[in-house]
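**Student:** Just passing along the structure, written as structure tokens.
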Amino acid sequence: MRKHVILIIILGISLLGCEDALKQKVKSWLDISDGRVVELENKVNTLEKECNNLNTEIFKLRLDKQEGREISLDTSELGKFQLLHTDVGDFLISLNDVKPYLNGHKLFLLIGNPFNADFKNIKLKASWAPCEGEGEDFKFKQKETSFIEPLKRGTWNKVQLILVPSQPKDLCFLYLSMDTEGCIISLYTK
């Protein structure tokens, strides 16, 4: 029986030594894990910053692509033309006149088609708002109009756009964009 007690005491002492060694190993693993966690957190922070920078660049590229796809028309400066970018190319837009019409306005536009092709299924989108106002008074109104007549090649095309309802004060901010769904190219043979 004494042998068993001595054996148990020796085993207990050896386990105490193992416990300290085990504690040391666990502590070193935790130190290594903490170091790895900090390293991974730093990498995540760096990746988040890089992702934000890339998102900013993407946003800037999208703005650059969209720049010129909507023009601002000034109703006090008739006859000037502006370049309007579309998916198929650039067109020239000139606001020639604005006249009261029903409970709104009729805009007389010239659309210059510099291409050697007629464009069909033209859609003009107009947005307008008053110079002053708050809340509902300053809300942009929008209208999209489709045209059956194609834009003839190499010339100024007369287009009328009706903005209803609108008051003279409503046309302070006037924006225009355009889309086209196709073109017609004629081949001349002699």
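The values are calculated or read from the model by the stated rules, or taken from the named source; none is laboratory data. Just so it is clear, the model here is predicted, and its values are computed rather than measured. Reconstructed Cβ throughout: ideal geometry from the backbone, glycine too, with neighbour counts over all protein chains shown.
**Student:** Any residue that is over 19 Å from TYR175 (Cβ atoms) and either free of Cβ contacts under 8 Å to residues at least 12 places away in the same chain or part of a strand (DSSP E or B) (or both) - is there at least one of those in the range 78-97?
**Tutor:** No, the range 78-97 contains no residue that is over 19 Å from TYR175 (Cβ atoms) and either free of Cβ contacts under 8 Å to residues at least 12 places away in the same chain or part of a strand (DSSP E or B) (or both).
**Student:** Is it the case that GLY68 is at pLDDT below 75, out of contact with any Pro (no Cβ under 9 Å at 6 or more places or on another chain) and surrounded by 14 or more Cβ atoms within 10 Å (Cβ to Cβ)?
**Tutor:** The answer is yes for GLY68.
**Student:** Could you list, in sequence order, all residues of the range 98-136 that are in a strand (DSSP E or B) and surrounded by fewer than 13 Cβ atoms within 10 Å (Cβ to Cβ)? Give the steps one after another, and end with the answer.
**Tutor:** Looking only at the range 98-136, we keep the residues that are in a strand (DSSP E or B), and these are 98-101, 104-113, 118-129.
Within the range 98-136, LYS99, PRO100 qualify.
Table: residues versus (1) in contact with a Lys or Arg (Cβ under 9 Å, 6 or more places away or on another chain); (2) closer than 20 Å to THR145 by Cα; (3) modelled with pLDDT of 90 or more; (4) not assigned by TED's automatic domain parsing to the domain that holds GLN167.
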position	(1), (2), (3), (4)
GLU57	no, no, no, yes
LYS60	no, no, no, yes
LEU78	no, no, no, no
ILE93	no, yes, yes, no
LYS99	yes, yes, yes, no
LEU107	yes, yes, yes, no
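**Student:** Quick check on the range 166-190: of everything there that is closer than 14 Å to SER127 by Cβ and either outside the structural domain of LEU102 (by TED's automatic domain parsing) or in a loop (DSSP other than H, G, I, E, B) (or both), which residue is modelled with the highest pLDDT?
**Tutor:** SER166
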